[in-house]
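The values are calculated or read from the model by the stated rules, or taken from the named source; none is laboratory data. All figures in this text were calculated on a predicted structure; none of them were measured in a lab. Calculation scope for accessible area: heavy atoms of the full protein, side chains included, ligands and nucleic acids excluded. Shrake-Rupley method; radii C 1.70, N 1.55, O 1.52, S 1.80 Å.
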Amino acid sequence: MYQRRRRPRGSDFDFQRSRQHRQRSAVVEGAELTSLPAATERVFQGTMTTGAQRRGRWRPGVGVGVVVTSCKHPHCVLLGKRKGSFGAGSFQLPGGHLEFGESWEECAKRETLEEAALHLKNVRFASVVNSFIEKENYHYVTILMKGEVDLTYDSEPKNIEPEKNESWEWIPWEEFPPGEQLFWALRCLKEQGYDPFREELDHLVGYKGNHL
């Protein structure tokens, strides 16, 4: 049985291991297929081709977005600007694909470390959104997590993936760009009425996954 080996947290080894894991990912017609054991990967690919492709559609992807806050930047959230085929030029949160066997918290910490070189603490659930853009053949369920910058490490972001993101900036939540300039998951989150500086989940009351 395939088991993930435990690795030390918060170390340079952890950062390099995360980068290496991402580099082992394969790209399948615009959708990332995370490296799995060979037998599992063959089964997964077979399911995609015989199931979803037969219907002419891919199954929705599962992503994790991260609302990053810092006590050094009150009332601000970390915001970047996308580069790439999907949503280029729109503003985004740190985040990415949920990997096989990974928890939401682990994914949020890993993606933020890989993309912005920030360590997080007190990571918790913030929201979930369903984004479907038919003309882009894009459908993702995105789990939004919220985390605070751990000040025992470097507390300012670095743009680790300049080919995917223009820069990282601390932007007041109430001064975010208008919805049409936000990447789809973040736009859905704002439209829900989410407030990152309140712990209540009132914004999810009555939400049934209606997409843009």
Practice task
For 66, 123, give the ranking by accessible area with the largest first, probe 1.4 Å.
Solution key: 123, 66
Completion exercise
SASA check, residue 184, accessible area w/ 1.4 Å probe, all protein chains in place, rounded to nearest 10 Å², comes out at 40 Å²
Exercise for the section: Step through the table entries 81/109; 164/208; 83/135; 83/190; 81/146, compare each Cα-Cα distance with 23 Å, and write down the pairs that go over it. Expected result: 164/208
Problem - Solvent-accessible heavy-atom area per residue, rounded to whole Å², over the stretch 77-162 at 1.4 Å - result: 41 Å²
